[in-house]
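Worksheet: the structure to be examined is printed underneath.
The values are calculated or read from the model by the stated rules, or taken from the named source; none is laboratory data. Being a predicted model, the structure only gives us computed values, none of them experimental. Because the Cβ atoms are built from the backbone with ideal geometry, glycine has one as well, and the counts that use them run over all protein chains shown. The protein model used for the area step is the full one, side chains on, heavy atoms only, and it has no ligands, DNA or RNA in it. Shrake-Rupley method; radii C 1.70, N 1.55, O 1.52, S 1.80 Å.
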Amino acid sequence: MADRVILATAPLRGPGLDALRRLGDVVLDPWIDHRPLRLYSAGQLAERAAELGASVLICEADQCSGPVLDLPLEAIGATRGDPTNVDVAGATAAGIPVLRAPGRNADGVAELAVGLLLAATRGLLAADRDVREGQVYRDGSIPYQRFRAWQLAGRTAGLVGLGAVGRATRWRLEGLGMRVIAADPYAPDATVDLDTLLAEADVVSMHAAVTPDTVGLMSAGRFAAMREGAVYLNCARAALHDLDALTKALESGHLSAAGLDHFEGEALATDHPLAALPNVVLTPHIGGATYDTEANHTALMAEGLAALLRGEAPANLANPEVLDRG
């Protein structure tokens, strides 16, 4: 084994970790295991890497920029689909390959989208509360009266964005018996436009990336264009919708329910009107919070680093131009 030190401040697990250990001495110091939370600044990360003599960094949230890029690094691994914690341009200028982890959390996010859909449409949280509070016969009614709902089988789901998460969500919804359509200008198999999707879908689920073209994509006008009684899901990013417009569409009854896993700043004010609506299920950005996500990104880091060390261009290389500098 090469005398290579791999500093990992991202959580790593699974067979990929064994593969990494065959490539070097892995120092595991994942940010997620620290209480209180610890994230390295670029200066702190550079100092830690220099202390260890690390030539490979694998990070999820710590900042890989500035002095980090002055180190003699063989590679930086960003365990994210989009390596936003890495100054990729700076790394390229410094001749450092940057690996990324596309699709690492696709199954986890897709599963949560299905969970939010079921919870929002079947009143699962309210039903659970009634049982716990001994209020099965609340206000003189029986549960069957309070929790009747339309089944999902036979309904139409519209996916806005057909990347890794959208595709993982598609087959799950099809497995529930839903007809699934998708709008995505970059996916050849997404065969409807957004206007058609909004007009046809009983459930609209957001899976698009945030770009200048998609910020605020779901506006008041687009919520109004959704079918009466439709359900809205967003396990992607809050920037994709106008929160005030969404709230009004729910309060008016135009939309029957919503499930949201993301908010600006990762939190929703407790006095926000959404928090008081019984037909909305809210989770704090936990779609990708699975151990399998960690195993997936570990495998991608190991495969990518092994390819680099063989002199090959990994499929998950964020800056392939760095290899052309010869």
If you scan the stretch 7-28, which residues turn out to be touching a helix residue (DSSP H, G or I) at 6+ places or on another chain (Cβ under 8 Å) and farther than 21 Å from G81 by Cβ?
L7, L23, V26, V27
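Looking at the stretch 174-201, which of the residues that are touching a residue at least 40 places away in the same chain (Cβ under 8 Å) and open to solvent by 40 Å² or more (accessible area, probe 1.4 Å) is nearest to T293 (Cα to Cα)? Full working, then the answer.
Just the residues of the stretch 174-201 that are touching a residue at least 40 places away in the same chain (Cβ under 8 Å), to begin with: 176, 198, 200-201.
Checking which are open to solvent by 40 Å² or more (accessible area, probe 1.4 Å) leaves us with 176, 200.
On the way: L176: 24, E200: 33 Å.
Going through the qualifying residues, I end up with L176.
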Which residue pairs have Cβ atoms closer than 7 Å, lie 6 or more positions apart in sequence or on different chains, and pair a first residue in the stretch 288-316 that is open to solvent by less than 20 Å² (accessible area, probe 1.4 Å) with a second residue that is basic (K, R)?
T293/R104; H297/R104; T298/R13; N316/R100
Those residues that are hydroxyl-bearing (S, T, Y) and either buried (at least 16 other Cβ atoms within 10 Å of the Cβ) or within 14 Å of I76 (Cα to Cα) (or both), I need them from the stretch 26-58; list them, please.
Y40, S55
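Here is a list: A239, A257, A295, A289. Which entry is hydrophobic (A, V, I, L, M, F, W, C), under 22 Å from the mean Cα position of the chain (by Cα) and in a loop (DSSP other than H, G, I, E, B)? Don't jump to the end; show me each part of the working.
Working: A239 fails: in a loop (DSSP other than H, G, I, E, B); A257 fails: in a loop (DSSP other than H, G, I, E, B); A295 fails: in a loop (DSSP other than H, G, I, E, B).
It is A289.
Test A61 against the criterion of being surrounded by fewer than 24 Cβ atoms within 10 Å (Cβ to Cβ), of a type in the set (G, A, S) and either at negative phi or assigned to a loop (DSSP other than H, G, I, E, B) (or both), and give yes or no. Working first, answer last.
Details: surrounded by fewer than 24 Cβ atoms within 10 Å (Cβ to Cβ): yes; of a type in the set (G, A, S): yes; either at negative phi or assigned to a loop (DSSP other than H, G, I, E, B) (or both): yes.
The answer is yes for A61.
Could you tell me whether any residue of the stretch 131-139 is crowded, with 17+ Cβ neighbours inside 10 Å and either under 26 Å from the mean Cα position of the chain (by Cα) or among the hydroxyl-bearing types (S, T, Y) (or both)?
no
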For the stretch 78-117, name all the residues that are among the β-branched types (V, I, T) and in a helix (DSSP H, G or I).
V88, T92, V109, V114
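Evaluate the stretch 166-173: report whether one residue or more is open to solvent by 30 Å² or more (accessible area, probe 1.4 Å), over 14 Å from L117 (Cα atoms) and under 22 Å from the mean Cα position of the chain (by Cα). Step through it out loud before you land on a result.
Just the residues of the stretch 166-173 that are open to solvent by 30 Å² or more (accessible area, probe 1.4 Å), to begin with: 167, 170-172.
Next cut, over 14 Å from L117 (Cα atoms) only: 167, 171.
Narrowing the set further to residues that are under 22 Å from the mean Cα position of the chain (by Cα) leaves 167, 171.
Yes, the stretch 166-173 contains at least one residue that is open to solvent by 30 Å² or more (accessible area, probe 1.4 Å), over 14 Å from L117 (Cα atoms) and under 22 Å from the mean Cα position of the chain (by Cα).
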Applying the selection to the stretch 221-265, what residues are open to solvent by less than 10 Å² (accessible area, probe 1.4 Å) and of a type in the set (D, E)?
D261
Could we say that N319 is under 18 Å from V86 (Cβ atoms) and of a type outside the set (S, T, Y) here?
yes
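Within the stretch 82-107, how many residues turn out to be closer than 30 Å to V231 by Cα and surrounded by fewer than 21 Cβ atoms within 10 Å (Cβ to Cβ)? First the steps, then the outcome.
Here is the first cut: in the stretch 82-107, the residues closer than 30 Å to V231 by Cα are 82, 102-107.
This time we only want the ones that are surrounded by fewer than 21 Cβ atoms within 10 Å (Cβ to Cβ), so: 82, 102-103, 107.
Residues that pass the stated criteria total 4.
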Select from the stretch 90-113 the residues that are out of contact with any strand residue (DSSP E or B) (no Cβ under 9 Å at 6 or more places or on another chain), touching a residue at least 40 places away in the same chain (Cβ under 8 Å) and farther than 13 Å from A164 by Cβ and list them in ascending order.
G95, E111
I'd like to check something: does the stretch 5-25 contain any residue that is modelled with pLDDT of 95 or more, under 21 Å from A94 (Cβ atoms) and open to solvent by 80 Å² or more (accessible area, probe 1.4 Å)?
no
